[in-house]
Every structure is written in C-alpha cells, then in structure tokens.
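Reading through the structure tokens given below for one structure.
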Amino acid sequence: MQTVEWVYTGGEIAHPNYEQICEGTTGHAEVVQLTFDPAVITFREILEVFFTIHDPTTLNRQGNDVGTQYRSVIYYHSPEQEDVAKHVIAEMANVWDAPIVTELSPIGTYYKAEDYHQNFFRQNPMQGYCAFVVAPKVSKFRQTFADKVRK
C-alpha cells in the first residue's frame, strides 16, 4: 500500500498544531510522509522527484513561505535510505549552481497534520498558493516523470 500523508516532525513540541508550526518556534518542519512499494518506485527515484520540484539551495524557504518550518529536509527510516540520500545529495550538488542546504536526519516522532492539510491541493486547486506555487510544480512533475504517473 502506498500512502501520502502531511505530518510535522523534527521539533520539540508534542502534538503541535498548524498555528504553532506557523509561528516557527516548535522546531518542527512540515513534511510529507510517504509509504511506498520499492518494487514500484525506489527511494532514489522519490529523491530525484524531490530535487526536481523544489529548490534545495534556499535555506528555510519554500516559495514565499519563510521559516525553519519550511526547511528542505529528508528524514530517513533506515541506514540504507540515509546512504541513498547522501549519494543523491552529492549528485545534485553537481546540478545546482548554489550549495544544497537540504538537511538529512533520521525520522523521529511525527504528528499527522490536521485533516484539512491532507490532499489540500486536490481540494483547493484555485486557492492562491495552490494555483500559483503548487500547480506549476505539479505540472513540472507530470511532464518530467510522466512514466511514473498512474493513468
């Protein structure tokens, strides 16, 4: 079974909510927790998508969102994933003109984001952030990785 879930992790506060995350004082980052079948898509391929659809050279920023909660970070679940991530980051350093600032950390406790964050883009495609920031990234993903998209 493959799942995509928005979660908060990497911080000190137990069970944070979105308002706390937005304050930038919890230490948590907003992240996507993926459960995937490596026979269908590998961790390496997921990381290639990750490095294609966002800028890993901007510290604590995603689009117009600024703060440590928007940092570029890969949380790994095993030593094997850590090794793959280190190799992909090293390879991506040759692709980007600026240094990569993506953090690499073991996954710790994570907390599911509120229900309205789950599938937010699908449910709110005309919302400003979705229309102007997310939609172009989704389009780029669909074009670049057309062979990975389910029909």
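The values are calculated or read from the model by the stated rules, or taken from the named source; none is laboratory data. This structure is a prediction, so every number in the text was calculated from the model and none was measured. Every residue, glycine among them, receives a Cβ derived from its backbone with ideal geometry; neighbour counts consider all protein chains shown. Protein only, heavy atoms only, side chains kept; ligands, DNA and RNA dropped before computing areas. Shrake-Rupley method; radii C 1.70, N 1.55, O 1.52, S 1.80 Å.
Take the residues in the range 93-114 that are among the hydroxyl-bearing types (Ser, Thr, Tyr) and not in a strand (DSSP E or B), then tell me which one is most open to solvent (accessible area, probe 1.4 Å).
Here the residue is THR109.
Tell me, which residue of the range 15-36 that is open to solvent by 60 Å² or more (accessible area, probe 1.4 Å) and in a loop (DSSP other than H, G, I, E, B) is modelled with the lowest pLDDT?
THR25
If the requirement is being farther than 23 Å from PHE43 by Cβ and loosely packed, with under 15 Cβ neighbours inside 10 Å, which of these qualifies: ASP147, ASP65?
ASP65
Give me the pairs, please: first residue somewhere in the range 1-17 and more than 29 Å from ASP37 (Cβ to Cβ) and touching a residue at least 40 places away in the same chain (Cβ under 8 Å), second residue anywhere and in a strand (DSSP E or B) and not hydrophobic (A, V, I, L, M, F, W, C), beta-carbon distance under 6 Å, and either six or more positions apart or on two chains.
HIS15/TYR111; PRO16/TYR8
Can you pull out the residues in the range 115-137 that are open to solvent by less than 50 Å² (accessible area, probe 1.4 Å) and part of a helix (DSSP H, G or I)?
HIS117, GLY128, CYS130, ALA131, VAL133, VAL134, ALA135
If a residue has to be assigned to a strand (DSSP E or B) and touching a residue at least 12 places away in the same chain (Cβ under 8 Å) to count, how many in the range 63-87 make the cut?
4
What are the residues in the range 91-133 that are over 22 Å from VAL66 (Cα atoms) and in contact with a His (Cβ under 6 Å, 6 or more places away or on another chain), if any?
Listed by number, the list holds a single entry, ILE107.
For VAL49, state whether it is in contact with a strand residue (DSSP E or B) (Cβ under 7 Å, 6 or more places away or on another chain) and either buried (at least 17 other Cβ atoms within 10 Å of the Cβ) or farther than 13 Å from THR102 by Cα (or both).
No: the conditions fail for VAL49.
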